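K.L.:
Structure below; questions to follow.
The values are calculated or read from the model by the stated rules, or taken from the named source; none is laboratory data. Predicted model, so just to flag it, every value in this text is computed and none were measured. Heads up, the Cβs are rebuilt from the backbone with ideal geometry, glycines too, and the neighbour counts pull from every protein chain shown.
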Amino acid sequence: MYQAKAAGRNTMRFFDPALQAVANAFIAFERDLRLGLERQEFELHYQVQVDDGGHLTGVEALLRWRRGGQQLVPPVQFIPIAEANGLILPLGQWVLETACTQLKAWSLQPNRARWTMAVNVSALQFAQVDFVECVGRALHKSGANPALLKLELTESMLIDDIEGVVAKMKAIKAYGVAFSLDDFGTGYSSLSILKRLPLQQLKIDRSFVHDILVDPNDAVIARAIVALAHNLDLRVIAEGVESAEQRDFLTGIGCDAFQGYFFGHPVTALELPDPLRAAAPAPPVPPV
Ligand code: C2E
Ligand code: CA
Ligand code: CA
């Protein structure tokens, strides 16, 4: 109590030293996260996407944080915190602008000029009243071709205010930007809503792909997603594809595109394969 008073009002001190240590670590983490944006500690890594002919068609941008310029922190560790404290808004805009700048740079390289760029959008980011303008600003500032940008939304964003969601998506689609529905099958999309959304692609969640060869339920779900998507005139991409057998099975059920460690891990732009030499998929990573 004395420590809390000494530190000023509206603060807490835990009696249990272990709890205090956890609280301190969390506060330091949050402070570093804010500073990280100012200090340009964030990076985009890119994971390739391939079509059913094995051709590299584009990438998904995946955010990384090099905390204090040192170790790389994966997004599962900081995105929930950035969502809770609102930092995801400037961070999400940085991701959009950086991804668009990269797209523009690739447009000048003949063998990468047609690559698409998938960008993850957080629920809070999409809910901003001026999100349409945010996307427009990123495109305008970078000079990227909107037709090569694909925004990944999740089902949880599509539950409330469906009219507002559809209107926003249509306004962004009018720029030429496409939408993919990420982690599909893990949420609660109603089919009637799905039909109304201006989507281009469904992304089969990697949890179904993981056991697709051994769990008949997952195989049935994947088949159902492909059939549903094609009936709605949408394309299907499977994420988390780690083996040739999984790719072959997914190809067999009509999946249009793939992403996963079998084709390549997320890497920096410089480490991405040269598509002219990348006809063969990367060898699978041995289990650890
Ligand atoms: P996600 O959008 O589902 O991204 C795919 C995740 O699966 C990535 O994890 C990727 O590294 C991982 N992955 C790719 N291939 C395989 C595979 O073959 N096997 C397995 N087991 N995993 C694979 P990562 O990069 O750690 O990202 C985790 C999540 O963080 C993402 O899931 C996404 O929800 C979120 N995220 C990443 N970048 C951003 C961003 O820029 N903005 C927002 N709002 N969220 C992001
Ligand atoms: Ca994603
Ligand atoms: Ca996903």
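K.L.:
Residues that are exposed (fewer than 15 other Cβ atoms within 10 Å of the Cβ) and either out of contact with any Ser or Thr (no Cβ under 9 Å at 6 or more places or on another chain) or closer than 16 Å to residue 126 by Cβ (or both): does the stretch 181-191 have at least one?
P.N.:
Yes, the stretch 181-191 contains at least one residue that is exposed (fewer than 15 other Cβ atoms within 10 Å of the Cβ) and either out of contact with any Ser or Thr (no Cβ under 9 Å at 6 or more places or on another chain) or closer than 16 Å to residue 126 by Cβ (or both).
K.L.:
Could you figure out which of (1) more than 30 Å from residue 224 (Cβ to Cβ); (2) surrounded by fewer than 17 Cβ atoms within 10 Å (Cβ to Cβ) isn't true of residue 132?
P.N.:
(2)
K.L.:
Does residue 180 satisfy being more than 16 Å from ligand 2 (Cβ to nearest atom) and among the hydroxyl-bearing types (Ser, Thr, Tyr)?
P.N.:
Against the criterion (more than 16 Å from ligand 2 (Cβ to nearest atom) and among the hydroxyl-bearing types (Ser, Thr, Tyr)), residue 180 does not qualify.
K.L.:
From the list 113, 138, which one is more than 26 Å from residue 256 (Cα to Cα), of a type in the set (A, V, I, L, M) and away from ligand 3 (no atom under 16 Å from the Cβ)?
P.N.:
138
K.L.:
I've got another one for you. Working carefully through the options 96, 63, 103, find the one that is hydrophobic (A, V, I, L, M, F, W, C), within 9 Å of ligand 1 (Cβ to nearest atom) and part of a helix (DSSP H, G or I).
P.N.:
Result: 96 is the single residue among 96, 63, 103 that is hydrophobic (A, V, I, L, M, F, W, C), within 9 Å of ligand 1 (Cβ to nearest atom) and part of a helix (DSSP H, G or I).
K.L.:
Can you name every residue in the stretch 73-82 that is more than 16 Å from ligand 3 (Cβ to nearest atom) and in contact (Cβ under 8 Å) with a residue 24 or more places away in the chain?
P.N.:
Selection gives 78, 81, 82.
K.L.:
Give the stretch 148-169 a look and list any residue that's part of a helix (DSSP H, G or I) and without any contact (Cβ under 8 Å) to a residue 60 or more places away in the chain, or say none.
P.N.:
Within the stretch 148-169, 155, 156, 157, 158, 162, 163, 164, 165, 166, 167, 168, 169 qualify.
K.L.:
Only one of these is modelled with pLDDT under 95 and under 25 Å from residue 273 (Cβ atoms): 96, 44, 72. Name it.
P.N.:
72
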